[in-house]
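In what follows, a single structure is set out as structure tokens and then discussed.
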Amino acid sequence: MEILLKRLILVMFILSGCSAGKEKVEKEAVKISHLQLIGSHNSYKLPIEPALYSLLLANDSASIQGLDYGHISPWEQLELGLRVLELDVFHDPEGGRFSNPLGNALLRQQGVTPEPYPSLEQFDQPGFKVMHVQDIDFRSHFPLFRDYLRELRAWSDLNPNHLPIFITLNAKDQNIPERGLTEALPFDAAAFEMLEAEIRQVLPREKYFIPAQLKQDFPTLKEAVLASGWPELKDIQGRFVFVLDEGGEKLAAYLEKDPSLERAIFFVNVPEEDPLAAMMILNDPIKDHQKIQTLVKAGYMIRTRADADTREARTNDTRKMEHAFSSGAQLISTDYYLPDNRMSPDYKVIFPNDAYIRLNPLFDNVETVELTDLETPDAVIALSPQEFKVAMAHDYGTVLDVRTDEEVKGGCLEKAVQADILSGQFEAHIKTMDKDMPVLVYCKVGARSAKAADRLIAEGFRKVYHLDGGIDGWIGSGEETVEYEPF
């Protein structure tokens, strides 16, 4: 009996040790590859104007139907929570190549005046153009690639802790001479050098994550991914990641002068056996479901699509979306992060947690994190007059003037609400404000607004900005004020 009791105690000790061992297993820190992010396909696109769409549809309903969609602005997409974007660029070094769209001429032939498109004149400027199909599907939130970059940088500067924003890019050079469309220029090595130069001109180096940073000291990108994986979130927040969605001759042209991507900005879409493999684009999550899961578990980043050419939205077919979600692909592109009531009001691509970002269900041994809190700035952000002006132009929250009544009589910023911090007015007013909405604070020279901003942070406001140098600095930089109008 004594021997049996000792054996029983020994077994219990071993079992308790195993259990304790399991409890001590530390979960892995969350990497960007442990997330799933929903984003937009052809993120720049405005709808084809109705008269032109009807004219084109009458001649080619099969292909034109797939062009019947558009997007809210990139700024609004980022505010909504999307962190995956896609841009199509055309090479136009001299400017003016696409300034007279054939679609407008076709409408005039029918006696129809094209709808106003003020941005059309920007096609005259030299530089890469952003649009879907030259001449017919040319309307874009910003025709110039560099203007997209400026817009994205401005939003990023206001949200420095944002999760990385992935931008896939197509270098468009397809020509359809039988339809009389403007000839697109080819993308050679020189064109790609110019493309990267535009990125470097707008984005400071710390704003984007490049292949060499992922590769580190490993011999190849592939070896880095398999051995170390993509970065932890804290090491890639506030950055952009550019991906070139091209193969064949265009990929060869991009790699011509930098075949190992040592200095390159773009990750490239290559199969897993390629030494440059780190990011892959597999757009059919139904056919490639198992393949995507295998690649994701191995450490690669995968982009796929939840829908294409408006088909799924027209019939509320969620199969592709559901396969994209369950495949574990980290980047999921869609035209319907918001529903299009013209097609199916029920078709909307969003995760079951009613968000566009979630922890990847393929990984169960990672830390649990509140993703929205990760992006919240951890301190007051001081803005230059130019940055403050950009935020105001986007109606980015409440503009709060914390000066006295007498000071405000001398002029204020447009749409400002006064809440004098030297009186009880400030404390009373902030009790009425939505703490989830951004607040842009200013005073005369910046001292009071800095104090007010700290107070707002202490009260739980999530995004607080103050004007560095105050309204004096604003006026000194050449900006105007308006007469105060109480709300």
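Look at the range 121-163 and say how many of its residues are assigned to a loop (DSSP other than H, G, I, E, B) and more than 17 Å from residue 204 (Cβ to Cβ).
Of the residues in the range 121-163, the ones assigned to a loop (DSSP other than H, G, I, E, B) are 125-128, 131-132, 134-136, 138-139, 141-143, 159-163.
Narrowing further to those that are more than 17 Å from residue 204 (Cβ to Cβ): 125-128, 131-132, 134-136, 138-139, 141-143, 163.
So the answer is 15.
Just need a number here: residues in the range 52-83 that are of a type outside the set (Ser, Thr, Tyr), open to solvent by 40 Å² or more (accessible area, probe 1.4 Å) and part of a helix (DSSP H, G or I).
Count: 9.
For every residue, the table says whether it meets (1) assigned to a loop (DSSP other than H, G, I, E, B); (2) over 29 Å from residue 165 (Cα atoms); (3) modelled with pLDDT of 95 or more.
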site	(1), (2), (3)
89	no, no, yes
105	no, yes, yes
114	yes, yes, yes
119	no, no, no
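Does the range 266-273 include one or more residues that are without any contact (Cβ under 8 Å) to a residue 60 or more places away in the chain, aromatic (Phe, Trp, Tyr) and in contact with a strand residue (DSSP E or B) (Cβ under 9 Å, 6 or more places away or on another chain)?
The answer is yes; a qualifying residue exists.
To keep it simple, each residue is scored yes or no on (1) free of Cβ contacts under 8 Å to residues at least 12 places away in the same chain; (2) under 31 Å from the mean Cα position of the chain (by Cα).
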residue	(1), (2)
412	no, no
421	no, no
432	yes, no
436	no, yes
450	no, yes
465	no, yes
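Please list, ordered by residue number, the helices (runs of 4 or more DSSP H) wholly in the range 405-487 having 1 or more residues that are open to solvent by 80 Å² or more (accessible area, probe 1.4 Å).
Ranges flagged: 405-408, 447-458, 470-476.
Restricting to the range 368-404, name every residue that is part of a helix (DSSP H, G or I) and modelled with pLDDT of 90 or more.
Passing the criteria: 375, 385, 386, 387, 388, 389, 390, 391, 392, 393.
On the basis of being open to solvent by less than 20 Å² (accessible area, probe 1.4 Å) and within 23 Å of residue 90 (Cα to Cα), does residue 240 make the cut?
yes
Against the definition (touching a His at 6+ places or on another chain (Cβ under 9 Å) and charged (D, E, K, R)), how does residue 307 come out, yes or no?
It is true that residue 307 is touching a His at 6+ places or on another chain (Cβ under 9 Å) and charged (D, E, K, R).
Can you list residue pairs whose Cβ atoms sit under 8 Å apart, with the first residue in the range 353-380 being over 19 Å from residue 239 (Cα atoms) and of a type in the set (Phe, Trp, Tyr) and the second being assigned to a helix (DSSP H, G or I) and modelled with pLDDT of 90 or more? Count only pairs 6 or more apart in sequence or on different chains.
Partner pairs satisfying both residue conditions: 363/34.
With respect to the numbered conditions (1) within 25 Å of the chain's Cα centre (by Cα); (2) farther than 30 Å from residue 355 by Cα; (3) touching a residue at least 40 places away in the same chain (Cβ under 8 Å), which one is the sole condition not fulfilled by residue 122?
Against the list (1) within 25 Å of the chain's Cα centre (by Cα); (2) farther than 30 Å from residue 355 by Cα; (3) touching a residue at least 40 places away in the same chain (Cβ under 8 Å), residue 122 comes up short only on (3).
State whether one or more residues within the range 87-95 are closer than 26 Å to residue 171 by Cβ and open to solvent by 40 Å² or more (accessible area, probe 1.4 Å).
yes
Would you pick out the residues in the range 388-404 that are on the phi > 0 side of the Ramachandran plot and surrounded by 18 or more Cβ atoms within 10 Å (Cβ to Cβ)?
The answer is 397, and nothing else.
Is at least one residue of the range 320-341 over 22 Å from residue 88 (Cα atoms), more than 22 Å from the chain's Cα centre (by Cα) and at pLDDT below 95?
Yes, because at least one residue in the range 320-341 is over 22 Å from residue 88 (Cα atoms), more than 22 Å from the chain's Cα centre (by Cα) and at pLDDT below 95.
The values are calculated or read from the model by the stated rules, or taken from the named source; none is laboratory data. Please read these numbers as outputs of a predicted model, since none were measured by experiment. Neighbour counts run over all protein chains shown; Cβ positions are idealised from the backbone, glycine included. Please note that ligands, DNA and RNA were not included when accessible areas were found on the heavy atoms of the full protein model with its side chains. Shrake-Rupley method; radii C 1.70, N 1.55, O 1.52, S 1.80 Å.
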